Amino acid sequence: MKLKLNWGSGIAAVYILFMTVTLILVVIFMNQDVSLESKDYYAKGIKYQDEIDKMKRTEELPEQLDITVEPNSIILSFPKIFKSTELNGKIHFYRPSDDSRDFTIDIAADSSLVQSIPTKNFIKGLWRIKVDWNGKGNSYLDKKIVMIN
């Protein structure tokens, strides 16, 4: 039996190939992780106006919070208008690619208003840092994206 190729069999072959590729892509995309940045993403959205107010207050400070990445640590230098005993709050570290790596630590600046955080347990790559802090009766918020090497 000899197989003869004509327009009809060509169209059928293209149609079968198209459907096969479409089904493969559907299976691949249905198995992708589509988790949100954080578990309580929508609840945080409602409180976003508070964050905007804190960030505006932070921008109005005469000196800004400085976040720098060094080879083995992240250095936070708080504005000199505060005293180390006045500062409290949290530093949130977000790993956008893996929310199981997210963690939070307390602010513990030394007498020179500097806090050093060792990066030996950090996974290399992109991190989002959110510093939510209080000083002199006001609350402030600063955010920065850093690369850990």
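Being in contact with a Pro (Cβ under 9 Å, 6 or more places away or on another chain), more than 15 Å from VAL131 (Cβ to Cβ) and not aromatic (Phe, Trp, Tyr): is that true of SER73 here? Yes: the conditions hold for SER73. In the set (1) hydrophobic (A, V, I, L, M, F, W, C); (2) in contact (Cβ under 8 Å) with a residue 40 or more places away in the chain; (3) in a strand (DSSP E or B), the condition left unmet by ILE145 is number (2). Determine, yes or no, whether PHE78 is aromatic (Phe, Trp, Tyr) and surrounded by 13 or more Cβ atoms within 10 Å (Cβ to Cβ). Taking the combined requirement at face value, the residue satisfies it. Every condition in (1) out of contact with any Gly (no Cβ under 9 Å at 6 or more places or on another chain); (2) surrounded by fewer than 17 Cβ atoms within 10 Å (Cβ to Cβ) is met by TYR94 except one, and the failing one is (2).
Looking at the structure I just gave you, is THR58 hydroxyl-bearing (Ser, Thr, Tyr), modelled with pLDDT of 90 or more and assigned to a strand (DSSP E or B)? Answer is no for this residue. Only one entry of LEU87, LEU65, LEU61, LEU113 meets the criterion of being out of contact with any Leu (no Cβ under 9 Å at 6 or more places or on another chain) and not acidic (Asp, Glu), and that entry is LEU61. The sole residue among ASP40, ASP33, ASP53 that is more than 20 Å from the chain's Cα centre (by Cα) and acidic (Asp, Glu) is ASP53. Considering only residues in region 66-113 that are in contact (Cβ under 8 Å) with a residue 60 or more places away in the chain and not in a strand (DSSP E or B), the one that is farthest from LYS143 (Cα to Cα) turns out to be PRO71. Does GLY125 satisfy the condition of being over 30 Å from ASN138 (Cα atoms), not aromatic (Phe, Trp, Tyr) and not assigned by TED's automatic domain parsing to the domain that holds LYS144? It is false that GLY125 is over 30 Å from ASN138 (Cα atoms), not aromatic (Phe, Trp, Tyr) and not assigned by TED's automatic domain parsing to the domain that holds LYS144.
The values are calculated or read from the model by the stated rules, or taken from the named source; none is laboratory data. The structure displayed is predicted, hence computed values, not measured ones. Methodologically, a virtual Cβ is constructed for each residue, glycine included, from the backbone with ideal geometry; neighbour enumeration extends over all protein chains shown.
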